[in-house]
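A short write-up of the structure that comes next.
The values are calculated or read from the model by the stated rules, or taken from the named source; none is laboratory data. Please read all numbers here as calculations on a predicted model, not as lab measurements. Areas reflect the complete protein model, heavy atoms only, side chains present, ligands, DNA and RNA absent. Shrake-Rupley method; radii C 1.70, N 1.55, O 1.52, S 1.80 Å.
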Amino acid sequence: MLDTETIVQRFLDTKLQVHPEVVRYLAEKGDNDLLERVVSSVPDNTIVVLAQHVPGMGLSKDGTRFLTDPEVEIINGSEGSSGGVLGVADYLHYFRNRYDHLGGLIRSRCSAMPIEALKKPRYREEKCTIIGLVSEVKSTTKGHRRVDLEDTTGTMAVLFNKDRPGFAEAETLLPDEVIGVKGSLSSDGKLLFADQLLRPDVPHSHAPYTSNTPGKAVLISDIHVGSDTFLDDAWDRFSEWIRGADVSYLLCAGDLVDGIGIYPGQEAELTIKNIYEQYDFLGELLQSLPSRLKIILAPGNHDVVRGAEPQPAIPRKFTGKFPDNCIFVENPALVSLQGVRVLMYHGRSIDDQIGLTPGASYENPSPMMEWMLKRRHLAPTYGRKTPIAADRQDHLMIDPIPEVLMTGHVHVMGMAQYHGTLAINAGTWQSQTAFQKQMNINPTPARAVVLDLQTLVPTVHDFSGEEMVILG
Ligand code: D5M
Ligand code: FE
Ligand code: ZN
């Protein structure tokens, strides 16, 4: 049993205030483990603990949580929450919001100075810490990394020496991510020699929530209906299997259909050349799955909505043939299944990360998901392959920390554990395309990840052969 006084005191002990609704909810649950999990998982810069910090807690009054079912909740990215037309001023707000929020996560772990203040002569050759947005990153002729870091007061050049420990982390720096740097100023005060790189990161103490009741979710991505490389036989085996499986949820992280006019010469590789018919065909495939399944569908870069992220949910005019048990969400979307939060993101920023990071490759998407978690951001770099629609808020930040980060896009299955968060790239239902052959991308198609919501243990089911194989 937990009384309200104990709950309030527990939060005060960790310097947190708590909303009365949260206190009422935790008192009703009477679950001390849940209380501890909430205490350990609230983001570092939280002042007041709200419903959004409590896994499984119902609709809150601020309207950001959208309850579709007792067991499925769209915490962020419900249909209709993005898509407005924005002006130049919004980009300023957008990056300011990113800097304030992610910088705040770093600030709680160090005492940082404003960059402008470091111009004073007395700081020359002194140790100091700054927090900023990476405005430029390049390699020097000697192979060191030089970064321009910008905060709201000014810009500072930072040098990461290739012979110092931790240089590998500096090699993964991307334009527009928010970092902190501890180091020493040069004798003219114009350059900071970095000793340590600080990222917003996931705390080591992060304890993921697990469901109190049995439940399984299947995670898939990149179905690409309408393409001549869509694996219909493998899909039929998957469909047959799921009809008899004790699974409650099916999540797909985008590229539901192959789309029209997505790449040059696509027409010749389409078996369904009309976008409405592509969605209708997928609707029919989903009609034959059990109606008890909750199916959550997000868009990707092949879908009919705008490419800029956050991408809106698939509009209703394309979903007439889909069964009623489908829920259409944005890309990205944070979805709670029995309290287990899955952050669905198609993963287009992985193209940018691979292009900008030495040694990164399409063969292995797992490090890319870890880097997203370290940066607490899904797509930091603006103006490359991933189009971003600015808003007054940055919807691509990772906060709260989910139990599972789910991506797709690269068509290669991959999994990783990072500080208690499970990262899963769900692969594809399309075999290698001519373009991927050219790019030397070798997909791992026809795999579905089954996630046990009580244990958070994932199991890979491979449908590519005549017989389904469990890969473990
Ligand atoms: O992406 C399928 C695969 O192709 C995925 O591995 C990314 C890669 N891809 C897609 N577009 C590009 C570009 N423009 N450059 C490099 N690599 C790319 P899909 O979104 O299904 O087409
Ligand atoms: Fe795809
Ligand atoms: Zn894609």
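Check the straight Cα-Cα distances from residue 273 and name the lysines below 18 Å, setting aside those fewer than 8 residues away within the same chain.
Hits, sequence-local ones excluded: 317, 321.
Suppose we keep just the DSSP beta bridges with both residues in the chain; what percent of those would be antiparallel, to 5?
Values: 57 of 83 bridges.
So the antiparallel bridges amount to about 70 percent of the total.
Under the √(5λ) rule applied to the eigenvalues of the Cα gyration tensor, what semi-axes describe the equivalent ellipsoid of the range 286-416? Give them in Å, descending. Show your work: numbers first, answer last.
Numbers: eigenvalues 131, 57, 45 Å².
They are 26, 17, 15 Å, listed largest first.
Mind pulling the angle between the C-alpha long axis of helix 4-13 and the longest principal axis of the chain? Nearest 10 degrees, somewhere in 0 to 90.
So the helix axis and the longest Cα principal axis differ by about 50 degrees.
Hey, any idea what % of the chain's accessible area is carbon plus sulfur with a 1.4 Å probe?
Details: 10040 of 19820 Å².
Its accessible area is 51 percent carbon and sulfur atoms.
If you count only protein heavy atoms with a 1.4 Å probe, what accessible area per residue comes out for the chain, rounded to a whole Å²? Write down the numbers at each step before the final one.
On the way: 19820 Å² over 472 residues.
In whole numbers, the chain has 42 Å² accessible per residue.
Ratio of alpha-carbon Rg to the 2.2 N^0.38 Å globular estimate for the chain, to two decimals, please. Walk me through the numbers on the way to the answer.
Details: Rg = 23.1 Å, N = 472, 2.2 N^0.38 = 22.8 Å.
Dividing the Cα Rg of the chain by 2.2 N^0.38 Å gives 1.01.
Long-range amide H contacts for residue 300: which residues qualify at under 5 Å (H placed 1.01 Å from N, peptide plane, sequence gap of 5 or more or a different chain)?
HN-HN under 5 Å from residue 300: 255, 256.
Determine ³J(HN,Hα), in whole Hz, for all residues of the range 205-210 in sequence, where each value follows from phi through the Karplus function 6.51 cos²θ - 1.76 cosθ + 1.60 and θ = phi - 60°; x replaces Gly and Pro.
Here the 3J(HN,Hα) series is 7, 4, 10, x, 7, 10 Hz.
Taking the 0 to 90 degree range and rounding to the nearest ten, how far is the long axis of helix 88-107 tilted relative to the main principal axis of the chain, both from C-alpha atoms?
Around 70 degrees separate the two axes.
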